[in-house]
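All of the numbers you see were taken from the coordinates with simple rules; none came from a lab. From a predicted model like this one, the values you see are computed outputs, not experimental measurements. Please note: Cβ atoms are built from the backbone with ideal geometry, for glycine as well, and neighbour counts cover all protein chains shown.
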Amino acid sequence: MFTEDLTPFFDTADHAEVARIGAEYLSLPGSAGNSASTPDSVAVGFTGDRDIIFGIAPLTLGTNKGVISKFVNTAGGWRIYLLDTGLLRFQWSEAGNFRLADSTQPWPFGIGVLGYAKISFDVDNGAGGCAISYRTSPDGVAPYTPLGLTVTQAGATIVTNSAEAIHLGNGGTSDVEPSLVEGNFHRFELRNGIDGLVVASFDPGRGLPEATSLVARSGELWTINQSGSPAAALEGGGESVNGIFDEPSRDDVLVGSTRPTFMCATAALPADFKTAMFQIRSRFFKMAGAPDVDETGSITTLELEEQ
């Protein structure tokens, strides 16, 4: 709810500066005790088809790196890691039996280069088997490109859930541990079903730099687990984009308004601005619902609410 008339903030040639104040990424040092985690819940404990999307810029390669996990050896779950060969691996538990599938081509982005991956897991492909597809994108917005062939295995399956939390930057608890990934984590999304409902998501822009927790757009609380020095931390941010914005109607910004809308007329905002917190002039805002985007993925309408 807005407590004052915001119209004076837009009284000069309909020009506004949009400044991102949320963090840009989660920095992971690759040492024990450093990760971001959210607890197990009914929403994330499903056993069927799923999409897992993440964006990361690894700072080292060469040994198996645990990237994401909801996994403990004695109870099951699933996890993703980046092998020393550069291949991505998805591993899961099926009623006490551990299965895995590796991508057929290596991670296509270099050390320190941000890349995005989408792993789609079909537990029953209708032909007596299961299928795992790997896709990548340089920006997380453009269409994802297949990373090699879809991996098909005999036998439909399920993913046995465990009470373990979801960890970013951790390979889970097992007899043989991958080393911990070192790098900058930019995004995570878990969907129930292929192209299904988002049930967990991590966007660093939902938290301020150096904050030790954030609340995801999907509603769950994420904790930044820290140990030693350097420790995991939300970092970056502070970018700004100047653009010409259509003047919001006075009705949209009067006292009592809850959804002012600003039309971006000439400037496209970077993709990672979509869910971050913003500052316009001296007022602080956060996104209110999903933005409208055009066919290129550029934001055309921002709906903001006061922080």
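Tell me, what is the FRET efficiency for Ser179 and Asp124 to the nearest 0.05, using R0 = 30 angstrom and their Cβ-Cβ distance as r?
So the FRET efficiency works out to roughly 0.35.
Where a ≥ b ≥ c are the square roots of the eigenvalues of the C-alpha gyration tensor, would you call the stretch 26-229 rounded, which needs a/c under 1.5, or, failing that, prolate if a/b is larger than b/c, or oblate? It would help to have the intermediate numbers written out before the result.
Working: a/c = 1.40, a/b = 1.25, b/c = 1.12.
The shape class here is rounded.
Could you give the C-alpha radius of gyration of the stretch 51-114 expressed as a fraction of 2.2 N^0.38 Å, taking N as the number of residues it contains?
1.16
With a cap of 10 neighbouring Cβ atoms within 10 Å, and only residues DSSP puts in a loop, list the GluC sites (Glu not before Pro) found in the stretch 122-212.
Taking the stretch 122-212 and a limit of 10 other Cβ atoms within 10 Å, the loop GluC sites (Glu not before Pro) found are Glu210.
Taking a virtual spin label 7 Å from the Cα of Ile158 along the C-beta vector, which residues in the stretch 41-85 bring their backbone nitrogen under 16 Å of it?
Inside the label zone: 42-50, 75-78.
Once both labels are modelled 7 Å past Cα along the beta-carbon direction, what's the Ala32-Thr145 spacing in nm?
4.0
Order of Glu235, Glu24 from fewest to most other C-beta atoms within 10 Å?
Sorted ascending by nearby Cβ count, the order is Glu235, Glu24.
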